[in-house]
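The values are calculated or read from the model by the stated rules, or taken from the named source; none is laboratory data. Keep in mind that this is a model prediction, so the values were computed, not measured. Reconstructed Cβ throughout: ideal geometry from the backbone, glycine too, with neighbour counts over all protein chains shown. When the accessible area is computed, the model is the full protein with side chains, heavy atoms only, and any ligands, DNA or RNA have been set aside. Shrake-Rupley method; radii C 1.70, N 1.55, O 1.52, S 1.80 Å.
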Amino acid sequence: MPRQGAARMLVRVARNITGFPKHVVPILTSTVIECQRADLKSTAFEYAAMLMRPEYRDDINPAYKRKIEAMVRKRDKADEPDEQQCPCPFCGIAGPETDMDCIHCQNIIPFCIATGKRMTVDDWAECPSCHFPCRLAAFKQVIQAQPDCPMCDQAVSLDSIKLLKDPLGRSS
């Protein structure tokens, strides 16, 4: 569900909102809107309530302010769909595919430059120019649509994208 993926990426940014002090209100507003559209009602409420704090309330775009206020007043307590799980490339324990930290082994998991989701050992490739990790299938789709790497902006041919057999260098 693409809409849910965008919402979960925005939630990942919103969880670290202190890293973006000049952009708090636009990021939180986008998070609320996308979560609402993706049927992540509880998460939308959480960030809508944050936007209603006195320090942010006056900076909300008037086009969205009434809707956000209504969301906070009339909370929708519907259950949210569970996030798709994905194995940690280091320990193999499953976790939410947009979480970059493994709660089991405490490793920081690399993310795919095409999807923003955590990398998986069985679909691991990299950009031939910048060597950033990517999921093979997703990166090929991106390159088919736009032949430049989204990270380094270098031209990439489909033939140059290869599955890595041992991306973490475990075998000797």
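Looking across ASP148, ASP153, one residue alone is modelled with pLDDT of 95 or more, open to solvent by 60 Å² or more (accessible area, probe 1.4 Å), over 19 Å from the mean Cα position of the chain (by Cα) and not basic (Lys, Arg). It is ASP153. Write out, first by first residue and then by second, each pair whose Cβ atoms fall under 7 Å of each other, whose residues are 6+ apart or on separate chains, and whose first residue, in region 78-90, is within 13 Å of ALA7 (Cβ to Cβ) while the second is open to solvent by 60 Å² or more (accessible area, probe 1.4 Å). Going by the 7 Å Cβ cut-off, the qualifying pairs are PRO81/ASP39. Residues in region 117-137 that are hydroxyl-bearing (Ser, Thr, Tyr) and in contact (Cβ under 8 Å) with a residue 60 or more places away in the chain: there are none. The number of residues in region 38-79 that are among the charged types (D, E, K, R), out of contact with any Cys (no Cβ under 9 Å at 6 or more places or on another chain) and surrounded by 11 or more Cβ atoms within 10 Å (Cβ to Cβ) comes to 8. Inside region 4-31, residues that are under 20 Å from PRO96 (Cα atoms) and either among the hydrophobic types (A, V, I, L, M, F, W, C) or part of a loop (DSSP other than H, G, I, E, B) (or both) make up a count of 9. Screening ASP39 with (1) modelled with pLDDT under 95; (2) assigned to a helix (DSSP H, G or I) gives one miss only, at (2). Pairing residues of region 15-34 that are open to solvent by 60 Å² or more (accessible area, probe 1.4 Å) with residues that are in a helix (DSSP H, G or I), at Cβ distances under 8 Å and at least 6 apart in sequence or on separate chains, gives PHE20/VAL13; PHE20/ILE27.
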